[in-house]
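All of the numbers you see were taken from the coordinates with simple rules; none came from a lab. Please read these numbers as outputs of a predicted model, since none were measured by experiment. Don't worry about glycine lacking a Cβ; one is built from the backbone with ideal geometry, like all the others, and counts go over all protein chains shown.
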Amino acid sequence: MISCQSFRANVTSREPEILEHLRKCDACLEFAVSADPDHFFRSIGGEELEPPGGVEAFTADVMAQVRLRQAEGSVARRFLIPPRRLAAAAAVVVAIAGGTLVWQRREHPAAVIAPAIVARVTRPVVTKPVVETYQSQNATIVELPSQGKNDANVVMIFDDSLPADL
Amino acid sequence: MPAELRLMIPTNESVEPDDRQLVRTIRSGDSEAFEQLVRRKTTKVYSLCYRIIGNAEDAKDISQLVFIKLWENIEKYDPTYAFDTWLYRMVTNVAIDFMRNKQSRENAVNSTLRLVKTSADAEQGVVVQRKEIENVFNAVSSVLSPKQKMIFVMSEMDDLRSSEIARILGCRESTVRNHLFNARKLMQQQLKRRFPEYSRLWEERQ
């Protein structure tokens with residue numbers, strides 16, 4: 001480490017030996033910070049820190065996790081069908097299905113299905129008047145005009161004395 | 001003939017493989033080589049995580065996660081680049097994710113736990129102590145975005161140059177300098193509000 005005198009002479013520099021002195025010498029810390037305030041936070045850097053428990057324990061933890069992941073990976077690989085194999089299997093299935101279809105067509109050509117003939121029966125509508133003759137003093141009889149020769153003749157009778165279920 | 005005799009003596013010194021050689025061995029499936037790499041890089045990774053996260057247990061968990069990701073993605077490492085650049089990139093990605101989640105959880109809590117010094121304290125002389133600076137840093141850096149904090153830590157505490165940080169983060173050097181400028185400004189404002197006795201250091205210089 002450089003002397004306090006040479007440090008104070010080059011205090012604003014960012015050379016490694018200046019920073020090393022800044023981070024180790026408590027006597028020069030205040031001087032350095034007053035000369036260059038950026039040294040304030042700079043002074044807590046540099047040193048390499050050890051994780052809690054030390055480097056060996058940390059390394060052991062990491063390796064345990066790596067081995068666990070390795071084991072998980074190998075198990076997963078065993079049960080996982082690789083996509084290339086999956087694609088090959090799909091191609092085989094498609095080829096077999098296609099071949100079967102072609103063979104079936106050659107052996108048993110499809111019968112020609114005759115179009116179904118649907119006979120439409122037209123029946124003339126025969127209407128029978130419910131009430132053929134009606135006589136009443138209070139009734140109002142409305143006869144709707146028919147629009148054609150075959151049109152049904154509609155006659156409406158409004159009478160309070162008529163039974164409801166007629 | 002002492003020189004000849006010296007040549008005959010078997011040496012116990014073994015040359016440690018460099019990072020790239022270790023990676024090659026790991027890729028061939030050697031987990032012991034990986035263990036060696038973890039042992040070699042633990043303090044570097046943990047220190048960076050600790051300074052970014054500001055909590056020992058969280059920093060330890062993040063560091064472990066970094067190494068597990070390293071193991072899972074070792075095939076993706078391009079040996080034309082320095083291994084540490086790739087490692088730092090992994091640390092920044094994992095730490096930024098963690099901080100984003102943590103920030104959203106703790107924003108409300110932090111706002112109520114503000115340390116305020118009395119004006120009488122501010123009048124007294126500044127006695128700078130390292131442990132106190134660490135606490136001050138943890139308090140005032142909470143206003144920084146994860147990326148700003150990351151850049152500040154890498155620049156001021158890990159002594160990385162802007163060009164190296166830009167390579168790690170995959171951005172331009174000017175972006176790094178911008179983030180650094182803004183981070184300093186925000187932290188000065190926070191110092192002024194929460195630690196007026198220290199903020200005077202910056203004011204005196206201006």
Label-point separation, A:Ser146 to A:Thr12 (7 Å along Cα→Cβ), nm: 12.2 nm
Among all the lysines, which ones have a C-alpha under 22 Å from B:Lys60's C-alpha, if same-chain residues fewer than 8 places away are not counted? B:Lys41, B:Lys44, B:Lys69, B:Lys102, B:Lys131, B:Lys147, B:Lys149
How many Cβ atoms of partner chains, on average, are near each residue of A:136-146 if near means within 10 Å of its Cβ? 0
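Quickly rank A:87-98, B:160-171, B:69-80 as a protection proxy: mean count of other C-beta atoms within 10 Å, highest first. Let's see the in-between values first.
Details: A:87-98: 10.2, B:160-171: 17.6, B:69-80: 13.2.
So the order, starting with the most tightly packed, is B:160-171, B:69-80, A:87-98.
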With each pseudo-label sitting 7 Å past Cα toward Cβ, what's the B:Asp159-B:Arg100 distance in nm, one decimal? 3.3 nm
Between the stretch B:177-195 and the stretch B:17-32, what's the alpha-carbon centroid distance in Å? 42 Å
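Find out how many positive minus negative residues lie around A:Gly46, taking Lys and Arg as positive, Asp and Glu as negative, among other residues whose Cβ is under 9 Å from that of A:Gly46. Numbers along the way, then the final one.
Working: positive: A:Arg23, A:Lys24, A:Arg42; negative: A:Glu20, A:Glu47, A:Glu48, B:Asp158, B:Asp159.
Value of the local net charge: -2.
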What FRET efficiency do you get for A:Glu56 and B:Ala56 if R0 is 25 Å and r is their Cβ-Cβ distance, rounded to the nearest 0.05? 0.90
Step through the residues of the stretch B:35-45 one at a time and calculate ³J(HN,Hα) from phi using the Karplus curve (6.51 cos²θ - 1.76 cosθ + 1.60, θ = phi - 60°), rounding each to whole Hz and writing x for Gly and Pro. 4, 5, 5, 4, 4, 5, 9, 4, 5, 4, 5
